[in-house]
Each structure stands twice: as C-alpha cells, then as structure tokens.
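**Student:** Dumping the structure here so I can ask a few things about it.
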Amino acid sequence: MSVCVSRSQVALVSPSLPGLRFRLFGFPITIGVDFLLVTLIIGLQARPGVLILEWVLVVAFSILIHELGHAFALGLYNIHPEIRLWGLGGLTISGFVLPPRKAILVSLAGPLVGIPVAVAFMAVQPWLPTGDPFGVAVSDLIFVNLWWGILNLVPIAGLDGGNVVKNLFVEVMGQRGKRLGLAAVAVCSGLSALIAILTGFYYLAIVIVVFGLLNPEPYLTLWQVATRGTGSAHVAGTAPTVRGKWADPPAPIRDEPRPTDRRGRVRSVAAVAAESRRAFAETYAETLPTSRVGADIARAGVATGAGAVVEDLDIDELERRPAPLLPDVVAMIARRDDTALAARLASETDPLAVLGIVTRAVEGKRVPQLLGTLRRDATPDRTAALLKLQVGLHALGRFEDALAAASILGAAGGAPGAVLEARSAARDGDRKRTAAALRRAVSLGPVRLSDAALGDMARIGPDREVADALARLRAADLRR
C-alpha cells in the first residue's frame, strides 16, 4: 500500500532493516529488503523463472512513481521528503504537518500520477509486442498502477484515501470535523476488509487489519463517537493547545490565525516548520552539554549520560535534513509505555530525532504521563531526558509543560537549564519565575546568553529583578 506520511505512520517501518539506498530527482530513496521479499513471495504464486524478476521490477517502479507524485507535490510547498518502499508498499516521509487543503492535494498526487500511467499503457498496448517478458511486463504495469491507484483512493485508515476523507471533514467543518472524519474512515476500512474477505482478497484484508493496528486512531475515535456522541463537550479527539508561535500545532486548528511574516503575508507550512527546527536546534545547542555547557553541568555534580553530548551541531544542516524514521516511538505512545519512551529520549543522540520524540509525545497527549515517569525516575539518565524534553517543549511553544520539566530538574539542569526555564517563564508571562530562574543561573555558574534567549526574556517587558540578573550573567560571562 502507499501513503504519504507526516506523523504517526512513521511507526509502520523500521529504518534498521537493510535496503538499497539512492537519490532520484533529489529525493533520498530506500528500497527495503522487506519490500523485495514480500513482492517476491506474491510473484512466486503465478510467475515462473525470469518473470519473477520482471514482477519485482514492475512493482518497485510502479510504487516508486506513485510516491514520487507525493514527493513532487510536497516540493511545491518547499518540503523535501524521503521515500521508502517497505513490506506493505511505499511511504513518503516529510516530517511536517500540512493544513487540510494542502494535505488533500498531496495525498491525491500519488494516485493521480499512477493511474494516468496505467491509462497511457492501456492506450498503446495494442501496438506493443506481446511476447514474454515484454508483454507480461506491460500487463503488469497496467494492473499494478491502476489497482494501486484505485486502492489508495479508497478511504482506508493509513492510506491516501483515508487521509483525504479525514482532511475533507476538517476543511469543511473545522477542527471539530476531525472526529467525524476519522470515524468515517474507520467505518469504510471495516467495510473494505469485510468485502475483501467475502470476495477472496485475503491479502488485502490482512493489509487493512495491519494498517488498522498501526493506525488505531480512526477506530478509537469511532468507538468514542458511538459511545459518547459527537458533542463538543468531549475533548478526547481535540488537538492539544499550543501556546506561542514557534511551530505549527501538531494538529492544525482551522479557526486559529495563520502565522504571518512582518508584512502580514501568510507564511508557508515549510517556513513555519523550518523556523521551529531552527529554534529547536539553537536551543538544543545552547542547553544540552557541549564542551562548554558540560562544564556547567559537571560543576552542578550531575551525570547527564552519553546521549546528551552534542558536538558542533550544524543548525543549517539540521534544518534541511529530512526527519528520521522513529519506528518505536509511536508504538511506545500507543502502548502507553512511558518508561521506554523516557529511556529512548535519554539515549537518543540525533537532535532531529529528539524533536520528533517530543512532538509525538505532545501529539499523543503523553506529556503529563511522561513527566510523571521522569519525576519518579532517580537514575542519572533522567537529567538528560528532562533536558531534551524541556528543550523540545519550549521549541514547540509548550511553555507550561517546559516549566513543569524545569521544576523536576531543579538545579540538576545547570545554568543552561535555568536560563531555558527563564525563557519559558518569560514567554509564559511569569515575571517572578523568570527572575528566580535567572538568579539560579547566576548561582550555578557563568553561561552565555544568546540573542534568542535575550529576545525571549525581553517579551516580559521592563523588570528590575530580571534586568539585574541578566546584568550579573553578562558580567560573569565577560570575566570567564
């Protein structure tokens, strides 16, 4: 199956599986060994000898052009995705959350490329050679592209059609339509699986069941709608509120004002996402232990774990690089395995993966539970996990949650952690906590204040205690 992925579907595939990696039209592409094995097994049922190789090549080509349709559509919004072919089809991974209308266009781009290819081959087939293997390859190209394109237009959870239906409801009804859209997708998925079983397409039924297990949100929402109704008083299906303007909210809310530049022009989703990444990268480099910051943490007498070390972070490269696949993070959130999620956060060394973990914890509404787990955890790795969580929450505009993480850390975060707490408090409008956090930063040791940090704290307006603490921090940095 094929799907354009931006968030939870990254759990469907593991980047650790071996595969063929190359670039095409500038897009990084991986053809996994699981894709080759599954395609080969299907082909063995009816194709002897060299025709098996023909079948594998035709399926790989057909799914690849489908995914390239998604990729080129994302390129229109200045988003550069990566493509992976895996056991159940193809994935186009962007790492970004698009507004409903753009998400619909991107989802439709795949089938609208594959189906015309099938039609074109059907039109010229009478004039093409009919002998093996060429004639068989043409028939397979028509079959795979047509079948794949039509199937992906069916509103099945995890496929393009499911994304289109969900986003159509959001586009027409606003964010309150998301629950109805997800419920409709769940109903259509169940009916499709039943029809597949009754007509003997057992592989399709298995695929729908697998996608349902890996994308449970439509089915959980259908259960909520069936048992509790669709009234607005129930909040289970609503998106978490995101304060601040560092990033797009995990689930874009139609009725919120869209971010604009200084001239009042609406910024693209790619520009907002790039700003979020840059804000995160800058804060990550300032707060987590490098050779300089590590000395501050060491003076506080706290072990941070190897996963917290950051050396020579290239912010421009981080902003451009595609988001890494995180196959186990969403599964941890779905299983409510907060201990495993905290451990993964502590050990993760890729800054962009850290941002992905925090984003998915926010989307899964697991931040309070994750904070509770880290509050009870007395191991040294807790500091590394809390620092990374604090940085990610601040960059995503979740300032109250970032302050909660800072409260658990206390002095263990060192001077950089205290400065970040002051930044979140200032963005949250808490003057007293801003001043208190800055005084703690002074007591924990010298730390350099970036322009971004000063800009955050300037938002709180004139304040004598804050100004005095900032002056002392600057003086200590100059003496160093």
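**Student:** Give me the percent of DSSP beta bridges within region 2-228 that run antiparallel, rounded to the nearest 5.
**Tutor:** Roughly 60 percent of the beta bridges in region 2-228 run antiparallel, per DSSP.
**Student:** Could you list, in their original order, any pairs among LYS102/LYS388; LYS166/LYS388; LYS178/LYS365; LYS365/LYS432 whose Cα atoms are separated by more than 25 Å?
**Tutor:** LYS102/LYS388; LYS166/LYS388; LYS365/LYS432
**Student:** With the Cα gyration tensor of region 434-473 giving a ≥ b ≥ c as the square roots of its eigenvalues, does the rule (a/c under 1.5 for rounded; else a/b larger than b/c for prolate; else oblate) give rounded, prolate or oblate?
**Tutor:** Note, shape of region 434-473 comes out oblate.
**Student:** In vacuo Debye scattering of region 78-181, one point per C-alpha: log10 I(q)/I(0) at q = 0.18 Å⁻¹?
**Tutor:** Computed log10 I(q)/I(0) values: -0.92.
**Student:** To continue, here is another question. ARG464 to LEU191: extension gain in nm, 0.36 nm per residue of separation minus the Cα-Cα distance?
**Tutor:** That pair, ARG464 and LEU191, stretches by 91.7 nm at full extension.
**Student:** May I ask you to derive the FRET efficiency for SER450 and LEU20 from their Cβ-Cβ distance with R0 = 56 Å, giving the value to the nearest 0.05?
**Tutor:** 0.85
**Student:** Now for a separate question. Amide H to amide H, which residues 5 or more places from VAL154 or on other chains are under 5 Å from it, using H placed in the peptide plane?
**Tutor:** Long-range HN contacts for VAL154: GLY161.
**Student:** A further question follows. Using Cα pairs under 8 angstrom and six or more residues apart, how large is the relative contact order of region 30-128, in percent?
**Tutor:** 31 percent
**Student:** Using only C-alpha positions, report the orientation-averaged shadow area of the convex hull of region 335-456, nm², one decimal.
**Tutor:** So the Cα hull casts an average projection of 7.2 nm².
**Student:** Rounded, prolate or oblate: which fits region 2-228 when a ≥ b ≥ c are the square roots of the eigenvalues of the alpha-carbon gyration tensor, with rounded for a/c under 1.5 and prolate only if a/b beats b/c?
**Tutor:** Prolate.
**Student:** Between TYR202 and THR339, 0.36 nm times their residue separation minus their Cα-Cα distance comes to what?
**Tutor:** Stretched fully, the TYR202-THR339 segment lengthens by 45.6 nm.
**Student:** Using each residue's phi in region 338-343, evaluate 6.51 cos²θ - 1.76 cosθ + 1.60 at θ = phi - 60° and report the 3J(HN,Hα) Karplus result to the nearest Hz, with x for Gly and Pro.
**Tutor:** 6, 5, 5, 5, 5, 5
**Student:** I've got another one for you. Local charge sum around SER62 (other residues, Cβ-Cβ under 15 Å, Lys/Arg +1, Asp/Glu -1)?
**Tutor:** So the environment of SER62 carries a net charge of -4.
Every read-out reported here was derived from the displayed coordinates using simple, explicitly stated rules and does not represent laboratory data. None of the values given here were measured: they were computed from a predicted structure. FYI the Cβ positions are ideal-geometry reconstructions off the backbone, even for glycines, and counts take in every protein chain you see.
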